[in-house]
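Notes for the one structure printed next.
The values are calculated or read from the model by the stated rules, or taken from the named source; none is laboratory data. Remember, predicted model here, so these are calculated numbers, not experimental data. Please note: Cβ atoms are built from the backbone with ideal geometry, for glycine as well, and neighbour counts cover all protein chains shown. Each accessible area value is taken on the protein alone, full model and side chains, heavy atoms only, with ligands, DNA and RNA left out. Shrake-Rupley method; radii C 1.70, N 1.55, O 1.52, S 1.80 Å.
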Amino acid sequence: MEFSADLFKENLAARLKWQYGKDISQATRHDLFDAVAASVVERIMARWIEYRRETDKKSVRQVYYLSAEFLMGRALSNNIINAMMEDGVKDVLKEMNLDYNVIEDLEPDAGLGNGGLGRLAACFLDSLATHNYPARGYGIRYKYGMFEQRIENGFQVEYPDKWLQHRDPWEIKRSDLAVTVRFGGTVTSRPGPGGRTIFSLDGAEVVTATPYDMPIIGYGTRTVDTLRLWEASSPDGFDLQWFNEMNYARAVEKQISAENISRVLYPNDSGPSGKALRLKQQYFFTSASLQDLVRHHVGLKGKDFSAFADLHVIQLNDTHPVVAIPELMRLLMDVYGVEWDAAWGIVTRVFAYTNHTILAEALEKWPIDIFRELLPRIYQIVEEINRRLMITVREKFPANYEIQNRMSIISGGMVNMARLAIHGSFSVNGVAELHTHILKTQELKDWADFYPEKFNNKTNGVTQRRWILSCNPALAQFITARIGHGWETDLSKIKELEKYIDDQESLDELAAIKQQNKRRLAGYLKETQNEFLDTESIFDVQVKRLHEYKRQLLNVLHIMYLYDQLLEDPESIRQARTFIFGAKAASGYRRAKLIVKLINTVAERINNDRRVRGRLRVVFVENYRVSAAEKIIPAADVSEQISTAGKEASGTSNMKFMMNGALTLGTLDGANIEIVQEAGKENAFIFGLTDGEIQAIETAQSYSPQSYINDNPRLAKTLEQLVDGTYDPDTQLFREIYDSLVYGTEGRRPDVYYVLADFDSYAAAQKKIDGEYSDKRLWSRKALINIANSGKFSSDRTIEEYVRDIWKLQKVILPDT
């Protein structure tokens with residue numbers, strides 16, 4: 001259906017009158033945003049319903065993407081672009097004397113995710129819909145997101161993210177599809193027909209899971225997939241008897257307990273109660289999702305599950321949803337009477353697992369006592385899965401007790417979710433070539449040897465529709481003017497830009513676009529944080545979740561080092577520098593939060609020192625999120641991807657920066673390796689130890705950070721400033737950071753993430769950037785080469801590989817009307 005400006009205008013006015021009782025001239029900005037978004041949903045509603053019906057009618061295989069987070073950002077811009085309504089909507093609003101940009105900025109970022117894991121999930125849904133694949137995402141509708149970060153006296157302080165304060169116009173509540181999820185209780189059994197044992201759960205806490213559906217609109221297509229998010233509540237959450245006895249807290253304790261499940265993303269799990277809540281969240285949304293899809297199957301096919309694995313593939317996005325494996329066993333056996341062997345045969349043909357981490361501590365494990373108390377029937381099933389697995393393992397490795405222990409799902413008092421995922425899935429993939437290699441040869445070697453046919457690589461990608469077309473329209477126009485349309489759904493076409501790398505007019509235009517984006521970012525930060533940025537300076541950007549392995553610490557130590565150099569010799573750097581950080585530290589991650597404080601303390605010192613004004617500035621972007629990234633990434637000159645080699649699974653911000661013409665400053669880690677392979681090492685700034693070199697050091701146990709300190713007096717001085725009062729004159733606040741680098745803390749050796757080993761190499765790479773940036777033609781040429789070679793890193797390519805190798809989906813295309 002073609003976009004009708006007159007009809008859209010009429011609908012907008014009618015909705016404001018009906019919903020708010022206001023004319024357009026009387027409407028508040030929030031009224032206007034809500035009405036515009038609701039009008040977009042109304043426009044695509046018919047095909048959303050039609051696509052579901054067509055998929056059911058054709059009885060085709062679908063993918064169900066289970067993820068603890070979906071970092072969707074704002075939906076308005078992305079949705080009207082994908083629905084091919086952007087120009088029309090903007091023209092209508094302009095005719096009505098309404099500023100589209102003002103309305104767009106009123107939309108809060110959906111508080112459904114935090115980092116690359118959630119952003120990847122959002123990109124995947126976009127690509128699936130754009131390429132007409134039937135899919136559904138499943139997750140949790142977090143009431144308060146993870147948190148809103150505020151910086152107070154340099155410290156991160158967490159506040160509730162009230163993204164649902166106003167009605168979310170994109171979601172539709174589906175109370176008719178609510179299901180119940182049970183926790184705790186006692187498992188009882190009794191003999192059933194045919195010699196079966198019937199299990200039941202008595203005395204359990206009952207929680208209602210209510211779904212909210214969001215449309216996932218494909219670009220330039222009639223396909224609309226669904227993101228279904230679950231909200232937790234109690235079916236009997238208000239006890240009138242306790243209330244009448246004036247015990248008001250006890251009257252609502254069941255409701256509070258249930259609502260806590262969907263209240264906050266990644267609650268602090270440093271104690272037993274936090275761990276129990278995390279596990280509750282994971283079981284809550286996986287159980288609700290599986291009940292939903294099994295119910296749908298039964299509605300279409302009855303209780304015949306012989307074709308279930310042919311029609312459903314469930315992708316587990318990391319270990320958070322892995323409890324789905326025993327839950328599907330429970331549903332098939334306890335609810336529908338399927339025998340164990342048949343049920344396991346179905347399960348192991350349905351699930352596929354994506355591993356997103358190399359860090360051993362991030363491969364989730366649950367204490368047996370918490371797991372068994374919270375999920376007693378699920379624990380019984382896990383025990384039986386493990387018993388059968390270990391029979392096979394012992395047959396293959398009869399005398400190797402170390403391997404037996406490393407492969408046991410239940411071991412050391414813990415339930416190991418990654419092991420359960422690998423055993424219960426037909427596919428196990430890493431997310432970059434190096435990451436998959438490390439999984440197969442180091443972290444998961446036993447399993448890769450045991451199940452070699454399961455392991456494969458699927459390098460991550462991001463959607464160019466969000467990360468160029470929406471967030472950098474000037475660059476999008478630049479691309480289309482030279483190679484035409486088509487790149488929006490097939491980014492491999494962007495390679496055609498290479499013929500312009502020596503065209504001066506194109507290089508000048510690209511440089512002008514970068515300056516335009518830098519001015520936009522500067523205006524945003526002036527308005528929101530009262531920061532004043534020099535847009536002629538190098539914008540050196542590191543924005544990502546704060547973790548020690550991502551090495552924001554290396555970055556800020558170098559800034560301290562550079563500051564000292566400038567004070568000694570004002571001519572030591574040629575180009576003015578603006579270092580931009582954006583990062584949230586997990587609420588329970590003490591040292592990461594201390595690094596946030598260090599960055600802000602250094603920023604305050606440098607930004608108030610007249611001696612380096614106009615030469616050096618440090619900015620910490622408060623409450624980093626997708627809408628902030630959409631302004632930061634197009635403005636970046638340098639993309640800091642400086643994780644310790646072998647620790648970053650892939651990274652996705654590196655891809656977004658590359659698409660937008662930032663040059664990578666990075667280690668040979670994660671997808672950085674493939675970025676360099678595509679664009680050429682000469683068009684990036686690579687430094688540091690490789691994964692192989694680090695492994696050799698680890699094997700020999702030969703790392704001595706003190707030797708690097710002794711060899712570089714300037715570095716030694718920088719480290720001393722952490723404790724000598726330069727940045728904290730009274731409290732020794734940064735002593736823990738100093739000790740972690742020099743002596744080791746908490747039973748770990750010093751400098752676990754090789755910050756000091758890589759420091760000199762990093763400083764040299766930064767020096768090279770300082771020299772090359774002055775040649776604006778050379779810099780723009782390198783930027784264009786990066787853009788032209790970013791085609792591999794589209795999530796469209798990634799999805800097609802999943803479809804080809806794992807999911808085996810067929811397209812479902814609605815006919816034009």
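Listed by chain and number, the lysines placed with their C-alpha closer than 21 angstrom to that of Lys445 are Lys365, Lys396, Lys454, Lys458, Lys647; residues fewer than eight positions away on the same chain are left out. Taking amide H positions as modeled 1.01 Å from N, with prolines and chain starts lacking one, the residues under 5 Å from Ile358 and 5 or more places away or on another chain are Ala649. Given R₀ = 45 Å, what would the calculated FRET efficiency be for Thr197 paired with Asp236, taking r from the Cβ atoms and rounding to 0.05? Computed FRET efficiency for Thr197 and Asp236: 0.90. Extending 7 Å from the Cα toward the beta-carbon at both Ser189 and Val252 defines two label points whose distance is 4.3 nm. Based on alpha-carbon centroids, what's the gap between the stretch 643-658 and the stretch 145-177 in Å, whole number please? First find each Cα centre; the distance between them is then 27 Å. Taking every DSSP helix (H) stretch of at least 4 residues in the chain, weighting each as -39,500 (n - 2.57) and dividing the sum by the residue count yields a mean residue ellipticity at 222 nm of -14000 deg cm²/dmol. Given in Å, the Rg to one decimal and the Dmax to the nearest whole number for the Cα atoms of the stretch 120-160 are 16.5, 49. The equivalent ellipsoid that matches the C-alpha gyration tensor of the stretch 437-524 spans semi-axes of 39, 17, 13 angstrom, in descending order. For Ile538, the residues whose modelled amide H falls within less than 5 Å of its own, excluding neighbours fewer than 5 places apart on the same chain, are Ala576, Arg577, Thr578. Considering the stretch 41-179 at the alpha-carbon level, its Rg and Dmax are found to be 17.5, 59 Å. Using equal-weight Cα scatterers in the Debye expression, the normalised intensity of the stretch 358-437 in log10 at q = 0.13, 0.15, 0.23, 0.25 Å⁻¹ is -0.46, -0.61, -1.18, -1.26. Multiplying the residue separation of Ile49 and Val298 by 0.36 nm and removing their Cα-Cα distance gives an extension gain of 87.7 nm.
With 29 Å as the limit on Cα-Cα distance, the pairs of Lys303/Lys440; Lys94/Lys782; Lys162/Lys593; Lys143/Lys301; Lys593/Lys768 that go past it are Lys303/Lys440; Lys94/Lys782; Lys143/Lys301; Lys593/Lys768.
Expressed in nm to one decimal, what extension gain is obtained for the pair Glu772 and Glu42 from 0.36 nm per residue of sequence separation less their Cα-Cα distance? The partial results should precede the final answer.
Numbers: separation 730, 0.36 × 730 = 262.80 nm, distance 5.15 nm.
My answer for the length gained is 257.6 nm.
Counting only C-alpha contacts under 8 Å and six or more residues apart, can you give the relative contact order of the stretch 502-631 as a whole percent?
Details: 142 pairs, mean separation 35.5, N = 130.
Once divided by the residue count of the stretch 502-631, the mean separation gives 27 percent.
From the Cα gyration tensor of the stretch 188-235, with a ≥ b ≥ c the square roots of its eigenvalues, which class applies: rounded if a/c is under 1.5, or else prolate if a/b is larger than b/c, or else oblate? All intermediate terms of the calculation are to be shown ahead of the outcome.
Numbers: a/c = 8.35, a/b = 2.15, b/c = 3.88.
Note, shape of the stretch 188-235 comes out oblate.
For His312, the residues whose modelled amide H falls within less than 5 Å of its own, excluding neighbours fewer than 5 places apart on the same chain, are Gln62.
Assuming R0 = 45 Å, can you tell me the calculated FRET efficiency for the pair Arg735 and Tyr451, based on Cβ-Cβ distance, to the nearest 0.05? Could the numbers behind the result be given before it?
Values: r = 47 Å, r/R0 = 1.03.
Once rounded, the FRET efficiency stands at 0.45.
Please report the equivalent ellipsoid semi-axes of the stretch 681-764, computed as sqrt(5 x eigenvalue) of the Cα gyration tensor, largest first, in whole Å. All intermediate terms of the calculation are to be shown ahead of the outcome.
Numbers: eigenvalues 125, 62, 23 Å².
One finds semi-axes of 25, 18, 11 Å for the stretch 681-764.
The residues of the chain expose, per residue, 39 Å² of accessible area to a 1.4 Å probe. Here the calculated FRET efficiency for Ile501 and Asn400, from their Cβ-Cβ distance with R0 = 56 Å, stands at 0.50, rounded to the nearest 0.05. Extending 7 Å from the Cα toward the beta-carbon at both Arg482 and Glu746 defines two label points whose distance is 4.7 nm. The string of couplings for the stretch 486-503 from the Karplus curve (6.51, -1.76, 1.60, θ = phi - 60°) is x, 5, 5, 10, 9, 6, 4, 5, 5, 4, 4, 5, 4, 6, 9, 5, 10, 8 Hz, one whole number per residue in order, with x for Gly and Pro. Of the Cα atoms belonging to the stretch 584-686, the radius of gyration and Dmax stand at 15.5, 43 Å.
Coupling constants for the stretch 582-589 follow from the phi torsions by the Karplus curve (6.51 cos²θ - 1.76 cosθ + 1.60, θ = phi - 60°), and in residue order they are x, 6, 10, 9, 3, 4, x, 9 Hz; glycine and proline get x. Label sites at Leu567 and Thr392, each approximated as a point 7 angstrom past Cα along Cα to Cβ, lie 6.3 nm apart. For the stretch 444-485 versus the stretch 337-382, the inter-centroid distance based on Cα atoms is 29 Å. Residues of the stretch 390-412 with the amide nitrogen closer than 17 Å to a label point 7 Å from the Cα of Asp369, along Cα-to-Cβ, please. Only 411-412 fall inside the zone, counting backbone N under 17 Å.
What relative contact order, as a whole-number percentage, does the chain give when Cα pairs under 8 Å and 6 or more residues apart are counted?
Numbers: 1460 pairs, mean separation 112.1, N = 817.
Answer for the chain is 14 percent.
Only aspartates and glutamates eight or more places from Lys792 in sequence, or on another chain, were considered; those with a Cα closer than 16 Å are Glu433, Glu488, Asp490, Glu496, Glu498, Glu674, Glu678, Glu800, Glu801. Of the peptides 376-384, 131-139, 615-623, the order by per-residue mean of other Cβ atoms within 10 Å, starting with the highest, comes out as 131-139, 615-623, 376-384. Maximal additional length on extending the Val60-Tyr336 stretch stands at 97.1 nm, based on 0.36 nm per residue less the C-alpha distance.
For the stretch 232-243, the Karplus equation 6.51 cos²θ - 1.76 cosθ + 1.60, evaluated at θ = phi - 60°, returns couplings of 9, 8, 9, x, 10, x, 10, 9, 5, 5, 5, 5 Hz by residue, with Gly and Pro reported as x. Centre-to-centre, using Cα atoms only, the stretch 396-435 and the stretch 92-134 are separated by 37 Å.
Projected area of the chain, taken from the Cα convex hull and averaged over every viewing direction, in nm²? It would help to have the intermediate numbers written out before the result.
On the way: hull surface 150.6 nm².
Projected over every direction and averaged, the Cα hull of the chain covers 37.7 nm².
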